[in-house]
Amino acid sequence: MVVPELDKACATDWRAASKPLDAQTGFEVTEDFERFNQKYDMFNRAVWDEDVRSDRSRKFFESYFTDLAQFRKVEGFQHRDYALRNAAWYIADFTSDLLETTQDRKEGFLDTYTMFREGASRKTEATAEENSADVKRAGKFLGADAIGICEYDERWVYTHNYSRQKLTDKAMDLPEDLTHVVVIVNEMHHQTIQTVPSALSGAATGQGYSRDIISVLSLTQYIRNLGYRAVASLNDTALSIPLAIQAGLGQYGRHGLLITPEFGPRVRIAKIFTDLPLIPDQPIDFGVTETCNHCRRCSDGCPVKAIPDDAPKFETHDGISHLKGVKKWTINARQCFTFWANQGTDCSICIRVCPYNKDFSKRFNRLLRWMLSNRWRRLALWLDVKLKYGERKTAGWWWRRAADG
Ligand code: SF4
Ligand code: SF4
């Protein structure tokens, strides 16, 4: 592959790229920093880059249309597993397909959502403190499992959107004067993730996104009804993980995912860019970085060794699908996606085996989480293995359990 020259807009002068907040989030950002162009997202490369695009990747995308999926006899990849996975993806797929052919918008994955009513013409007179509390209350009521607020940070906003219709960059249509980001997380179903790798476990991914969409669209309309601008976003427009960390929703894990105190890495993220006056939350530290320094369950468990087992680095693997100028654990997105394409569904093994992937409604699991935050960490990690947390369950187990309620 000829590595395309990065667009000029990526080469913005970022000499002042680091911010005081980075000391709390744990990201070291240097003057080499470059914002990300959505074109180089691995799912988009699977459309335009002949080195990533393959017969397998085409079949992977087609499998989300159930009649084109290649069912197997093996548990977890049968007709009913793909049928449920694709049903769980229905809301996300339906909303992203709605304007694709008529307006070249793939909302939620490549473009922000536009399906809103007019908001109020008069602005609320509430204070930033009142707005922050109300947005969190309203968001929970509208279905979000957790909500945080951070200041708008352009570093994590893509330089361009991408058109899969035209196979070209598109101008970023996010207004530049929005001041805050409301970040939402929704839990992915715990028992379904226990069956990873399986097509069935992909139902937890689709369900997480579908729940995100319901809460993010409703909360966006709420902010618009307060008389302010609000732009709803799922995977499009900006990197969700650094914004979620800045919004105090969790910490960054070795597997490159957000780890929340409530659900560990088992979450999907949505966000709302707004000019509603708000008070940002502070990043949190419940010991994740130190745990990841001792733990290798995700890097050992990854079937294609896409997760680094050493210290954070300024690593960009093939040079274009990763953030430049940020020191962190970076997974090899190409190896990861190739595994997904080869097995015909997404993979969440690194989520399943993570010691933070537990049902924290249980007192003993909360005790283990507390131990992971202090000098009992090594014992907690040993217990995690001894007690067989993170072991794979069969899809048959899941279907029998679902039938029993
Ligand atoms: S999703 Fe699967 S293939 Fe990708 S990094 Fe995680 S364990 Fe590895
Ligand atoms: S599996 Fe271990 S190393 Fe990987 S993210 Fe979870 S705690 Fe960190």
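The values are calculated or read from the model by the stated rules, or taken from the named source; none is laboratory data. What you see is a predicted model, and the numbers here were worked out from it, not measured in a lab. Backbone-built Cβ (ideal geometry, glycine too); neighbour counts: all protein chains shown. The protein model used for the area step is the full one, side chains on, heavy atoms only, and it has no ligands, DNA or RNA in it. Shrake-Rupley method; radii C 1.70, N 1.55, O 1.52, S 1.80 Å.
Data table
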| quantity | calculated |
| --- | --- |
| Residue within the stretch 95-107 that is within 28 Å of I284 (Cβ to Cβ), out of contact with any Phe, Trp or Tyr (no Cβ under 8 Å at 6 or more places or on another chain) and either modelled with pLDDT of 95 or more or open to solvent by less than 40 Å² (accessible area, probe 1.4 Å) (or both) present | no |
| Hits in the stretch 222-254 (condition: over 18 Å from R155 (Cβ atoms) and within 12 Å of the chain's Cα centre (by Cα)) | L234 |
| In the stretch 166-202, the residues that are open to solvent by 10 Å² or more (accessible area, probe 1.4 Å) and not in a loop (DSSP other than H, G, I, E, B) | T168, D169, K170, A171, H180, E187, H190, Q191 |
| Filter pass, W376 being open to solvent by 60 Å² or more (accessible area, probe 1.4 Å) and within 15 Å of ligand 2 (Cβ to nearest atom) | yes |
| Checklist (1) open to solvent by 60 Å² or more (accessible area, probe 1.4 Å); (2) part of a helix (DSSP H, G or I); (3) closer than 19 Å to D173 by Cβ applied to K59, failing item | (3) |
| Subset of the stretch 275-294 that is of a type in the set (A, V, I, L, M) and within 16 Å of ligand 2 (Cβ to nearest atom) - its residue that is nearest to D310 (Cα to Cα) | V288 |
| Qualifying position, being in contact with a His (Cβ under 6 Å, 6 or more places away or on another chain), closer than 30 Å to V157 by Cα and not in a helix (DSSP H, G or I), among T316, T345 | T316 |
| Condition broken by K358, with the remaining ones in (1) within 15 Å of ligand 1 (Cβ to nearest atom); (2) closer than 17 Å to Q194 by Cα; (3) out of contact with any Ser or Thr (no Cβ under 6 Å at 6 or more places or on another chain) satisfied | (1) |
| Complete set of residues in the stretch 280-335 that are over 25 Å from R369 (Cβ atoms), β-branched (V, I, T) and touching a helix residue (DSSP H, G or I) at 6+ places or on another chain (Cβ under 7 Å) | V304, I320 |
